[in-house]
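The values are calculated or read from the model by the stated rules, or taken from the named source; none is laboratory data. Since the structure is predicted, the reported quantities are computational estimates derived from the model, not experimental observations. We place every Cβ from the backbone using ideal geometry, glycine too, and count neighbours over all the protein chains shown.
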Amino acid sequence: MIVAPSILSLDYGNTKEQMQVLEESNAEFIHFDVMDGHFVPNLSFGPDILKAYKKNMSKVMDVHLMVDDPKFMADIFIDAGADYITFHSEAVHEIANQVALIDHIHERGSKAGISIKPDTCVANILPVLSKVDLVLVMSVYPGFGGQSFIESSLDKIKELRKIIDDNHYDCLIEVDGGINLETGRMCTEAGVDILVAGSYTFKGDIKERVDTLWNLK
């Protein structure tokens, strides 16, 4: 299982120490929740935070854009070192515009992902599944950490798993929101590839918590 600790829940009084622990852990991705205060009612990281992690870590830099203008933000975070750029389908409504943004991200040398909120159907992103490298299923309403897992997200993961496998798409399924050992196991059984975990990772022994998710099959 790919584990992607979300640094939204990092203890910023111990950034250097926790960065080192993450580097030594079995986490393969580091997840960055970028919020603009408009698309979601919260603000978070700018590109300098990503640059610092990129400079000091060997992990995959996984950027989730919860913003009104993902094309503008995509270039900023690609320049800062993002390996994956995931934008919300709800922020880019037209399929043609989604395709154009996916192509742009690929042309810039990063991998492209698309995300859906809890109230958005999988059907809304079917036209671009063959083009993206990742689909992020939000299992909470985006904008704040520490929310409870929405179990209907499991149905979306199962639906996506079948579609991706049946069509042989080269696309990972990621889930973010309320992930702990119990919900992580449910998501794994549903067919997810990447578990994003913020509060669960950083509210205990980081390496130990990462390992509990990493060992899920």
What number of residues in region 80-109 are surrounded by fewer than 21 Cβ atoms within 10 Å (Cβ to Cβ), polar (S, T, N, Q) and under 23 Å from G177 (Cβ atoms)? 1
Among the residues listed as L22, L65, the single one being aliphatic (A, V, I, L, M) and part of a helix (DSSP H, G or I): L22
Within region 75-95, how many residues turn out to be assigned to a helix (DSSP H, G or I) and either of a type in the set (D, E) or closer than 23 Å to P118 by Cα (or both)? 3
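The rows are residues; the columns are (1) out of contact with any helix residue (DSSP H, G or I) (no Cβ under 8 Å at 6 or more places or on another chain); (2) within 27 Å of D11 (Cα to Cα); (3) not hydrophobic (A, V, I, L, M, F, W, C).
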residue	(1), (2), (3)
K158	no, no, yes
K162	yes, no, yes
I173	no, no, no
G178	yes, yes, yes
G184	no, yes, yes
I194	yes, yes, no
With respect to the numbered conditions (1) surrounded by fewer than 22 Cβ atoms within 10 Å (Cβ to Cβ); (2) in contact with a strand residue (DSSP E or B) (Cβ under 7 Å, 6 or more places away or on another chain); (3) modelled with pLDDT under 95, which one is the sole condition not fulfilled by K203? (2)
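Assess whether L136 counts as being touching a residue at least 40 places away in the same chain (Cβ under 8 Å) and either under 18 Å from the mean Cα position of the chain (by Cα) or more than 19 Å from T86 (Cβ to Cβ) (or both).
Values: touching a residue at least 40 places away in the same chain (Cβ under 8 Å): yes; either under 18 Å from the mean Cα position of the chain (by Cα) or more than 19 Å from T86 (Cβ to Cβ) (or both): yes.
Answer is yes for this residue.
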Does A112 fit the bill of being outside any helix (DSSP H, G or I), buried (at least 19 other Cβ atoms within 10 Å of the Cβ) and in contact with a helix residue (DSSP H, G or I) (Cβ under 6 Å, 6 or more places away or on another chain)? yes
Over 28 Å from E208 (Cα atoms), out of contact with any Pro (no Cβ under 6 Å at 6 or more places or on another chain) and surrounded by fewer than 16 Cβ atoms within 10 Å (Cβ to Cβ): is that true of D133 in this structure? no
For region 28-38, check the following and say yes or no: at least one residue is part of a loop (DSSP other than H, G, I, E, B), closer than 25 Å to G109 by Cα, of a type outside the set (K, R) and out of contact with any helix residue (DSSP H, G or I) (no Cβ under 7 Å at 6 or more places or on another chain). yes
Output yes when any residue across region 32-53 is closer than 21 Å to N215 by Cα and without any contact (Cβ under 8 Å) to a residue 40 or more places away in the chain, and no when none is. no
